[in-house]
Amino acid sequence: TLLLTLVFCVTSVAPGFAMNADDLGGAVPAASAVTQMSATDKISAMEKMLYGTEQAGALVGRMDSLEDDVYGTVTSDAILDRIDNLYDYLKGSPASNEAGFLTKLNAIEWQFNESMSGGPAKTRIEAVEMMLNGKIDEGSLSSRLEALANIAFTDGVISVESVTLPKDSVIKVEFTEELSSREDKAGEPVHFKIADNVYVNDVLVLPKGALGEGTIKKVVQPRSFGRDARIDVDFTHVYALDGTKVPVYIGDLAKQEAKTAAGAAGAAIGGMIALGGAFVTGKAVVIPVGSTTYVQTMEDTTIQGMVYQGK
């Protein structure tokens, strides 16, 4: 009886530990994991994706504001249905044959700049409008995005395809902020971006400029016998064209690619190989903005990519 009671308690409690996506670009969890997002979590994720920060106020009021910004109107469905419908529209699906909101925005930005910036979606739409029209347009975000798509692509159609980015694909990345063994500490975030476009056949999955994130794993200060300081960086993920988080790390293939690119001038720092001249060594170590290295994908990842058809 005690054993059965214990089993019942464990199986009853386990769902409470289900994974929650932290944003609209969350990676698809393993098949054995259970993904459960509450209505509040979804609203918070949508606000961060559109505005950069979570908004204050009552749940219904925040949802009204989101729908008004995205659709230009407030729907009359049940509140939970409204949340699910808007979340699915913004997030999209890698298996869909139609570009989702985030995929469309990233593709438009890449089409004009051959790079993809990060930041709030609303701010990015405004930046493209200013670049093309010299002003910020009025109307819903969805209609403004469609207008930009019509300028960027024939008939406004973005050809997408669901593909699998294979495990151990090697990716060149570039640091977007300086790291210093004097200033930085273990646990602090590290930001970088993809340096070159990554395709699966003719489908663009990781655009140049797409952002990546990691953390500083360890900072070793200068030691005796002339040993320099060292910064160990734990690269965790990059964002794909559709916003999917693609887990990455410094594996043997990435190290070899970096060594080949760096040649004799390469400098090894905590298992991370810098390209020639990228790191300044001495009593302290500085990783300047623009320094490049390589990472590799940790697992097969399904992504909604854009079929490249020229400019």
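Give region 74-125 a look and list any residue that's on the phi > 0 side of the Ramachandran plot and out of contact with any helix residue (DSSP H, G or I) (no Cβ under 8 Å at 6 or more places or on another chain), or say none. Please lay out each step first, then the result.
First, the residues of region 74-125 that are on the phi > 0 side of the Ramachandran plot: 92, 114, 119.
Scanning region 74-125 gives GLU114, GLY119.
Please work out which one of (1) outside any helix (DSSP H, G or I); (2) at pLDDT below 95; (3) surrounded by 13 or more Cβ atoms within 10 Å (Cβ to Cβ) is the condition ILE151 fails and give its number.
(1)
Within region 166-190, how many residues are surrounded by 13 or more Cβ atoms within 10 Å (Cβ to Cβ) and within 20 Å of MET116 (Cβ to Cβ)?
9
Take THR73 and decide whether it is touching a strand residue (DSSP E or B) at 6+ places or on another chain (Cβ under 6 Å) and of a type in the set (Val, Ile, Thr).
Values: touching a strand residue (DSSP E or B) at 6+ places or on another chain (Cβ under 6 Å): no; of a type in the set (Val, Ile, Thr): yes.
So THR73 fails the test.
Inside region 41-50, can you point out the residues that are in contact (Cβ under 8 Å) with a residue 40 or more places away in the chain, farther than 17 Å from GLY139 by Cβ and of a type outside the set (Lys, Arg)?
ILE43, ALA45, MET46, MET49
Where in region 38-135 are there helices (runs of 4 or more DSSP H), lying fully within it, with 1 or more residues that are among the polar types (S, T, N, Q) and under 28 Å from THR154 (Cβ atoms)?
Numbers: elements: 39-51, 59-71, 79-91, 101-113, 121-133.
Counting at least 1 such residues, we get 101-113, 121-133.
Within region 154-165, work out how many residues are out of contact with any helix residue (DSSP H, G or I) (no Cβ under 7 Å at 6 or more places or on another chain), without any contact (Cβ under 8 Å) to a residue 60 or more places away in the chain and either assigned to a loop (DSSP other than H, G, I, E, B) or open to solvent by less than 50 Å² (accessible area, probe 1.4 Å) (or both). So that I can check it myself, show each step before the final result.
Step one: filter region 154-165 for residues out of contact with any helix residue (DSSP H, G or I) (no Cβ under 7 Å at 6 or more places or on another chain), giving 154-155, 157, 159, 161-165.
From the residues that got through so far, the ones that are without any contact (Cβ under 8 Å) to a residue 60 or more places away in the chain too are 154-155, 157.
Then drop every residue that is not either assigned to a loop (DSSP other than H, G, I, E, B) or open to solvent by less than 50 Å² (accessible area, probe 1.4 Å) (or both), which leaves 157.
Here the count works out to 1.
Out of the residues in region 229-261 meeting the condition of being within 15 Å of GLY209 (Cα to Cα) and open to solvent by 20 Å² or more (accessible area, probe 1.4 Å), tell me which one is modelled with the highest pLDDT.
Per the stated criteria, the residue is HIS237.
So, in region 262-311, how many residues would count as being at pLDDT below 80, at negative phi and not in a strand (DSSP E or B)?
Residues flagged as at pLDDT below 80, at negative phi and not in a strand (DSSP E or B) within region 262-311 amount to 15.
Taking the residues in region 63-90 that are closer than 21 Å to SER38 by Cα, touching a residue at least 12 places away in the same chain (Cβ under 8 Å) and of a type in the set (Asp, Glu) as candidates, determine which candidate is surrounded by the fewest Cβ atoms within 10 Å (Cβ to Cβ).
ASP84
Run down SER140, SER115, SER93 and say which single residue is open to solvent by less than 20 Å² (accessible area, probe 1.4 Å) and of a type in the set (Gly, Ala, Ser). I'd like the intermediate steps shown before the answer.
Details: SER115 fails: open to solvent by less than 20 Å² (accessible area, probe 1.4 Å); SER93 fails: open to solvent by less than 20 Å² (accessible area, probe 1.4 Å).
Only one candidate qualifies: SER140.
Which residues, counting only those in region 173-196, are hydroxyl-bearing (Ser, Thr, Tyr), in a loop (DSSP other than H, G, I, E, B) and under 12 Å from ALA284 (Cβ atoms)? Let's see the steps before the verdict.
Start the filter on region 173-196 by keeping residues that are hydroxyl-bearing (Ser, Thr, Tyr), which leaves 176, 180-181.
Those left that are additionally in a loop (DSSP other than H, G, I, E, B): 176, 181.
Result: SER181, single match.
Take SER142 and decide whether it is touching a Pro at 6+ places or on another chain (Cβ under 9 Å), farther than 21 Å from VAL285 by Cβ and not in a loop (DSSP other than H, G, I, E, B).
On the way: touching a Pro at 6+ places or on another chain (Cβ under 9 Å): no; farther than 21 Å from VAL285 by Cβ: yes; not in a loop (DSSP other than H, G, I, E, B): yes.
For SER142, the condition - touching a Pro at 6+ places or on another chain (Cβ under 9 Å), farther than 21 Å from VAL285 by Cβ and not in a loop (DSSP other than H, G, I, E, B) - is not met.
The values are calculated or read from the model by the stated rules, or taken from the named source; none is laboratory data. Please read all numbers here as calculations on a predicted model, not as lab measurements. Backbone-built Cβ (ideal geometry, glycine too); neighbour counts: all protein chains shown. Side chains are part of the model used for accessible areas, which takes the heavy atoms of the whole protein and leaves out ligands, DNA and RNA. Shrake-Rupley method; radii C 1.70, N 1.55, O 1.52, S 1.80 Å.
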